[in-house]
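A quick write-up on the structure given underneath.
The values are calculated or read from the model by the stated rules, or taken from the named source; none is laboratory data. These numbers come from a predicted model, not from an experiment. In this analysis, Cβ positions are derived from the backbone assuming ideal geometry, glycine residues included, and neighbour counts consider all displayed protein chains.
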Amino acid sequence: MLDFGRYIAGPYCAMLLADMGAEVIRIERREGGEDRNVSPITETGEGPMFIGFNRNKKGITLDPAHPDSREIKRRLIASADVVIANLPLDVLAKLELDYDSLKAIKPDVIFGRVSTYGHEGPYANRVGFDPVIQAMSGAMTLTGTPGVPIRSVVPFEDFGTALHTAFGVMVALFNRQKTGQGQIVDGSLLATGMMFMQSLLAERYVLDIIRQQQGNTGYTAAPSDCYKTKDGWVMVAVIGQPMFKRWARLVGRTDLIDDPRCMDDLARGNNSELINAAMDAWISKLTTEEAIQQLEAARVPCGKVFQLGEVFDDPQVQTRGLFQFLDYPGSPKLIPIPNTPVQLSETPGGVRHRAPMLGEHTNDVLMGLGFDEVEIEQYRQRGII
């Protein structure tokens, strides 16, 4: 698999497949990709995003725009089952990495083509990032407290698109196994944004309900909010009548069970101030640990609001092995790398090795494609690799 991706959507898609055993070659410009040095944490400038999303990959440098890079590209493509790229359509065509160019070299190639808007329509050649689609999906108008639109700190449009595309690549590989045909797997942040916002968009379209920003308070259920304890914060989410009854008994407000304002989830969401007042009166007298213990005993979903540094010490995180701590050249400490986020019982995948240094495997990969040391050095001298 060839990874011409950058930032999150393309590299994370390829990472998921690399974790499951795919041989992935990350291809960067000679000076390094734009995403290599975002928020640097090493002496040589690598950032945690690059280090995390490019584990289990080999790394080579190549200037795909150089006219003399064609033979290297041809051999790379001919050797690959899958090509991943998240570049604008016009850039793909210029670099001869569009589907027609790939197919001419490898007729059954699977092309994971990731873009901001999709490769048809008036926005096909626009550039964009995750926050732009958070805005265009409507998500930012409902995030945060009343005031300015707020983006999520987690780039969920990028991550969601990577997941969708990785799923599509697996389906395409399965289809090729049956039919021998390759195809385009077309993922876009805009499509992901519409999918993730589907419920709120449909509610607005069908019922013309206009929602407003209301912080952590849920729209269609209560209690569903973040509540202050004596020494911290706890997130609680109650959905469904049985759970609501358990919560009401716990906080000593059984009168709310038969209150018409609390008759179902939607009614409770519409009367969240009433329910939140009852919750605040109960939880404000407790420490975070006390509150969580009692909520858990009543089978009410809850969780402590962690500071970032607390996440690593959580016993569930540790027991499940959700992080591996890897050495990376130039890093002052071992770097926590999230483990493969989905576990298979027979073929579990996992983090096998760190992300590559810039061009670390260029010689090995090109020699594997049949180039000799003299040819490789000539390519290097001519500024192609």
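Residues are listed down the side, and each one gets a yes or a no for (1) part of a helix (DSSP H, G or I); (2) touching a helix residue (DSSP H, G or I) at 6+ places or on another chain (Cβ under 8 Å); (3) of a type outside the set (Ser, Thr, Tyr):
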residue	(1), (2), (3)
6	no, no, yes
26	no, yes, yes
39	no, yes, no
45	no, no, yes
63	no, yes, yes
84	no, yes, yes
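Output the qualifying pairs, or none if there are none: Cβ atoms under 7 angstrom, residues six or more apart or on different chains, first residue in region 211-231 and on the phi > 0 side of the Ramachandran plot, second residue loosely packed, with under 15 Cβ neighbours inside 10 Å and assigned to a loop (DSSP other than H, G, I, E, B).
Correct list of pairs: 215/145.
Assess whether residue 202 counts as being modelled with pLDDT of 95 or more, closer than 24 Å to residue 142 by Cβ and either surrounded by 15 or more Cβ atoms within 10 Å (Cβ to Cβ) or in contact with a Gly (Cβ under 7 Å, 6 or more places away or on another chain) (or both). Walk me through it before giving the result.
Working: modelled with pLDDT of 95 or more: yes; closer than 24 Å to residue 142 by Cβ: yes; either surrounded by 15 or more Cβ atoms within 10 Å (Cβ to Cβ) or in contact with a Gly (Cβ under 7 Å, 6 or more places away or on another chain) (or both): no.
For residue 202, the condition - modelled with pLDDT of 95 or more, closer than 24 Å to residue 142 by Cβ and either surrounded by 15 or more Cβ atoms within 10 Å (Cβ to Cβ) or in contact with a Gly (Cβ under 7 Å, 6 or more places away or on another chain) (or both) - is not met.
Between 63, 68, 35, 108, which is closer than 19 Å to residue 187 by Cβ and among the acidic types (Asp, Glu)? Walk me through it before giving the result.
Numbers: 63 fails: closer than 19 Å to residue 187 by Cβ; 68 fails: closer than 19 Å to residue 187 by Cβ; 108 fails: closer than 19 Å to residue 187 by Cβ.
Residue meeting the stated conditions: 35.
Within region 354-385, track down each residue that is in a loop (DSSP other than H, G, I, E, B), out of contact with any strand residue (DSSP E or B) (no Cβ under 8 Å at 6 or more places or on another chain) and not charged (D, E, K, R). Steps first, answer last, please.
Filtering region 354-385 down to residues in a loop (DSSP other than H, G, I, E, B) leaves 354-361, 369-372, 382-385.
With out of contact with any strand residue (DSSP E or B) (no Cβ under 8 Å at 6 or more places or on another chain) added as a condition, the list becomes 369-372, 382-384.
Answer for region 354-385, where residues must be in a loop (DSSP other than H, G, I, E, B), out of contact with any strand residue (DSSP E or B) (no Cβ under 8 Å at 6 or more places or on another chain) and not charged (D, E, K, R): 369, 370, 371, 383, 384.
Between 193, 144, 138, which is buried (at least 16 other Cβ atoms within 10 Å of the Cβ), under 24 Å from residue 90 (Cα atoms) and at pLDDT 95 or above? Before the answer, list the steps.
Values: 144 fails: under 24 Å from residue 90 (Cα atoms); 138 fails: under 24 Å from residue 90 (Cα atoms).
Exactly one of 193, 144, 138 is buried (at least 16 other Cβ atoms within 10 Å of the Cβ), under 24 Å from residue 90 (Cα atoms) and at pLDDT 95 or above, namely 193.
Might you check whether a residue that is under 11 Å from residue 134 (Cβ atoms), in a loop (DSSP other than H, G, I, E, B), out of contact with any Leu (no Cβ under 7 Å at 6 or more places or on another chain) and not aromatic (Phe, Trp, Tyr) occurs anywhere in region 167-181?
Within region 167-181, the first condition is being under 11 Å from residue 134 (Cβ atoms), and the residues that meet it are none.
No, region 167-181 contains no residue that is under 11 Å from residue 134 (Cβ atoms), in a loop (DSSP other than H, G, I, E, B), out of contact with any Leu (no Cβ under 7 Å at 6 or more places or on another chain) and not aromatic (Phe, Trp, Tyr).
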